[in-house]
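The values are calculated or read from the model by the stated rules, or taken from the named source; none is laboratory data. Since the model is a prediction, treat every value here as computed from it, not as a measurement. No Cβ is skipped: glycine too gets one built from the backbone with ideal geometry, and neighbour counts run over all protein chains shown. Just so you know, the surface numbers come from the protein's heavy atoms only, side chains and all, with ligands and any DNA or RNA stripped out. Shrake-Rupley method; radii C 1.70, N 1.55, O 1.52, S 1.80 Å.
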Amino acid sequence: MDADTWRWAGSLWNYLHLGQQLEQSDVIICLGCHDVRVAERAAALFLEGWAPWILFTGYQGNQTVGMWDRTEAEIFSDIAMKLGVPESKIILEKRATNTGENIRFSWQILNEKNIPAKRVILVQQPFMERRVLATFLRQWPGDKENTRALVNSPELSIEQYPGKSVGSMTDLIGYMLGTVERIRDYPSKGFQIEQTIPAEVLEAYSELQHIGYQAK
């Protein structure tokens, strides 16, 4: 990629990746996807002691249909247990097929199990941080005013993210373009809270589409 393309891609990445500071929490909610590094990151946070419970949520989504013969939650749970997370501290939510359902169904199962969830760490892909938090702030059925949520992801730069299992830089740019579109369009549908999209991000979005990149 040339310098302009890198700059535009970097603008999207820097906007979508929040880089929030971790805080001691009640539960880690790990949202399923095709990137198993997300499960590894959630497991690492649990093993570092950031929360006493870890919940894996996901049936199948756009990224994983036909990829595995089990649910995202089960695949991610197995990864976490292999890394040392006790099965007794893992909760599975195996129905969700999109981010809103990940949030709502996670609240339901935590509520059923009487597990406190006033402080939550959400874990997903780096370019999904902003969208996941925006979805939580709209979709969480509990007392949002008294619930503190933050989002985390594998500690990767934009250059480090592409790989055999998650696709090329072209794929990543497509995912980021799609994520920006959802941040723009979903608030009016009631899926997420409204967020400001800076002019430089809108410019990067337009320029990347103009030179042939397509949103996913």
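What to note about this one:
- Global geometry of region 53-206, whether rounded, prolate or oblate, following the gyration tensor of its Cα atoms and the 1.5 cut on a/c: oblate
- When the Cα gyration tensor is reduced to axis lengths a ≥ b ≥ c, the ratio a/c is 1.5 or higher for region 127-206, and with a/b not above b/c it is classed as oblate.
- Euclidean distance between Cα centres, region 73-129 to region 27-55, Å: 8 Å
- Sites residue 195 and residue 147, calculated FRET efficiency, Cβ-Cβ separation with R0 30 Å, nearest 0.05: 0.95
- Phi angles of region 33-45 translate, via the Karplus equation with coefficients 6.51, -1.76, 1.60 and θ = phi - 60°, into HN-Hα couplings of 6, 8, 9, 5, 5, 5, 5, 5, 5, 4, 4, 4, 5 Hz per residue; Gly and Pro are given as x.
- Cα-based reach from residue 89 at 26 Å (exclusive), listing lysines while leaving out same-chain residues under 8 positions away: 113, 118, 144
- Selection of GluC sites (Glu not before Pro), region 137-216, meeting DSSP coil and at most 14 other Cβ within 10 Å: 155, 159, 194
- The chain - percent relative contact order, Cα under 8 Å, separation 6 or more: 25 percent
- Loop-located GluC sites (Glu not before Pro) across region 25-100 with a Cβ neighbour count of 10 or fewer within 10 Å are 48, with loop assigned by DSSP.
- For the chain, the longest principal axis of the Cα atoms and the long axis of helix 129-139 meet at an angle of about 60 degrees.
- Solvent exposure of the chain as accessible area per residue, Å², 1.4 Å probe: 46 Å²
- Extension gain from residue 108 to residue 210, taking 0.36 nm per residue of separation minus the Cα-Cα distance: 32.5 nm
- Counting DSSP beta bridges with both ends in the chain, the antiparallel % (nearest 5): 5 percent
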